[in-house]
Amino acid sequence: MEFKIKKFILKSSNSNTYLIQSEVDEKRCYLIDAGNGIEAINSLQPNQNIDAVFLTHAHYDHIAHIGDVIEKFPSCKIYCSEYTRIALSDYKLNLSFYHGTPVIFTGEQINIVKENDNIPLFNQEKMVILETPGHNEGCLTFQLANYFFTGDALIPNIPIVTKLKSGNKQQAKESALKIKMVTDENSFICPGHLNMIKSTEIDWKLYINE
Ligand SMILES: [Zn+2]
């Protein structure tokens, strides 16, 4: 493995921000979500940069510190779905309005990604994009080697929340099935909440047969 993964939790909502660092090229770092971007930034060495943030979706607890990340690293790219781009600029759609700290982000750093796109990270490693709507319309899962960053599209052994705006139960089920099909006994799920888990430890019936 050419990279290491560190997790930072936004305590108010128990959401995960993942920092991905290369073992060989220590300068380049990446974030999955930015709910606790500040602690992730503060953990960096002076010579390290956040080169890109991959947003699973634009709910407040996953984007809270996006502005702080871009302020510190203005050339950092943001990879997300079209729906997430729209929600980033709408504090009601991204729910930040209801948390008392409105987030409105419309930067030129945003790059829209779609199913099967892949973004080179380090030498051999690339991030592959899977569209996994259901929790909301814009949910993406990011695959790096055998790690799958699912955001809220799949939180191990907890039913997928579909009651928020643009949530869709049928899509959530199809997305869970998609994740099941692309993972195997060597895969790890790195969810938006709770702990990383082997794909084989997930009770898939909870998602697929309901
Ligand atoms: Zn969410």
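The values are calculated or read from the model by the stated rules, or taken from the named source; none is laboratory data. Since we're looking at a predicted model, the values are computed, not measured. When we count neighbours, we look across all protein chains shown, and the Cβ atoms used for this are built from the backbone with ideal geometry, even at glycine. For accessibility, only protein heavy atoms count, side chains too; no ligands or nucleic acids. Shrake-Rupley method; radii C 1.70, N 1.55, O 1.52, S 1.80 Å.
Pick out the one residue from 114, 163 that is within 16 Å of the ligand (Cβ to nearest atom), assigned to a loop (DSSP other than H, G, I, E, B), open to solvent by 70 Å² or more (accessible area, probe 1.4 Å) and within 28 Å of residue 206 (Cα to Cα). Step through it out loud before you land on a result.
Values: 114 fails: within 16 Å of the ligand (Cβ to nearest atom).
Only one candidate qualifies: 163.
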Subset of the stretch 125-146 (residues that are among the hydroxyl-bearing types (Ser, Thr, Tyr) and part of a strand (DSSP E or B)): 141
Residue 175 being among the small types (Gly, Ala, Ser), buried (at least 24 other Cβ atoms within 10 Å of the Cβ) and within 14 Å of the ligand (Cβ to nearest atom): yes
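Would you point out which residue out of 149, 122 is touching a residue at least 40 places away in the same chain (Cβ under 8 Å) and in a strand (DSSP E or B)?
That would be 149, the only listed residue that is touching a residue at least 40 places away in the same chain (Cβ under 8 Å) and in a strand (DSSP E or B).
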Restricting the stretch 20-35 to residues that are in a loop (DSSP other than H, G, I, E, B) and open to solvent by less than 10 Å² (accessible area, probe 1.4 Å), the residue that is nearest to residue 131 (Cα to Cα): 33
Tally of residues being within 16 Å of the ligand (Cβ to nearest atom) and aromatic (Phe, Trp, Tyr) across the stretch 72-83: 1
Tabulated pairs, the stretch 53-71, first within 12 Å of the ligand (Cβ to nearest atom) and open to solvent by less than 20 Å² (accessible area, probe 1.4 Å), second part of a helix (DSSP H, G or I) and of a type in the set (A, V, I, L, M), C-beta under 6 angstrom, 6+ apart or interchain: 58/87; 58/88
